[in-house]
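A quick write-up on the structure given underneath.
Laboratory data are not the source of any read-out in this text; all were calculated from the coordinates shown. Predicted, not measured: the structure shown is a model, and the values here were computed from it. Cβ atoms come from the backbone with ideal geometry, glycine included; neighbour counts cover every protein chain shown.
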Amino acid sequence: MSTDPAAVLRACKFFWQVKGASFDRLVRMGTVRTYPQGTTIFREGEPCPGVFIVASGLVRVFKLAANGKEHVLHLVGPGGTFAEVAAIGGFACPAFADAIEDSQCLLLPAARFVAALREDHALCLQLMQSMAMWVKHLVGLVEDISLRDALGRVARYLVETASPADGAVRLPSLKKHLASHLNLTSETLSRTLRRLDDSGLIATDGESGIVVKDFAGLRRAAEGESPVI
């Protein structure tokens, strides 16, 4: 993805509804930040820097328990956003974020972004639909943990992240991050991917690549129907 601020914003679902003067204002305030693999972008409890839009790479947003256990809340790839809720709400970062691949992000600084929201009613209205979709996403995460088994969680993740054009999915280089995000062990994730592969719903493409071969079958698996092997 291009690191031109306008191109990054156009490719971001969270800002798809923003147009005209509101869009131009966001472009002017955006700055591109580079984060080598392993870089901590922010820590829980720190002031929120602003809204981040991933232009390239992969960012992990996670919580850290007192005993050191991590739980991945989000894996954010190109076109995705993070820290948007904290920036809009004006509260501290609720989690940690680090780059698990070399990454570039467009940052909309918190103070300037909030000022734009206060002064531009059109921007507020344009972002309301995006916030509604974000809430829907969070409800889906809760539903996954409470109602779906391992197969359903993995199938749903693959359906939602696969390219509509060719079915390609690029998994994180360390699959433990994806396992944590889905509230699974690494072993369970590996077994589930093998089961989906054996059933013909997906095919592996290298160490970190997956190709969805049967979207309809994968959607049925996400809803609880066991694939035929």
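The value of relative contact order for the chain, using C-alpha pairs under 8 Å at least six residues apart, is 20 percent. Of the peptides 180-188, 73-81, the ranking by mean beta-carbon count within 10 Å, highest at the top, reads 73-81, 180-188. The mean of 1/r over all distinct Cα pairs in the range 148-222, once inverted, gives the Kirkwood hydrodynamic radius of 12.0 Å.
Computed from backbone phi with θ = phi - 60° and the Karplus coefficients 6.51, -1.76 and 1.60, the 3J(HN,Hα) list for the range 181-194 is 4, 8, 6, 10, 7, 4, 5, 5, 4, 4, 5, 5, 4, 5 Hz; x is used for glycine and proline.
Mean sequence separation of contacting Cα pairs (under 8 Å, at least six apart), scaled by the length of the range 166-222, corresponds to a relative contact order of 39 percent. Out of every Cα-Cα pair that the range 1-76 contains, those further apart than 22 angstrom amount to 34 percent. Structure remark: mean-square fluctuation, Gaussian network model of the chain, C-alpha springs under 10 Å; the largest value among Asp120, Asp166, Asp197 belongs to Asp166. On the principal axes of its alpha-carbon atoms, the chain has extents of 57, 41, 31 Å, going from largest to smallest. What residues qualify as long-range amide H neighbours of Ile41, i.e. H under 5 Å apart, gap of 5 or more or another chain, H built at 1.01 Å from N? Excluding prolines and chain starts, which carry no amide H, the hits are Ala97, Asp98, Ala99. Measuring against 32 Å, Cα to Cα, the residue pairs Lys19/Lys176; Lys69/Lys213; Lys19/Lys69; Lys19/Lys213; Lys19/Lys175; Lys19/Lys136 contain Lys19/Lys176; Lys69/Lys213; Lys19/Lys69; Lys19/Lys213; Lys19/Lys175 as the ones spanning a longer distance. At an R0 of 22 angstrom, the distance between the Cβ atoms of Glu119 and Arg10 translates into a FRET efficiency of 0.45. In the elastic network of the chain, a GNM with C-alpha springs shorter than 10 Å, the most mobile of Ala122, Ala99, Ala110 is Ala122.
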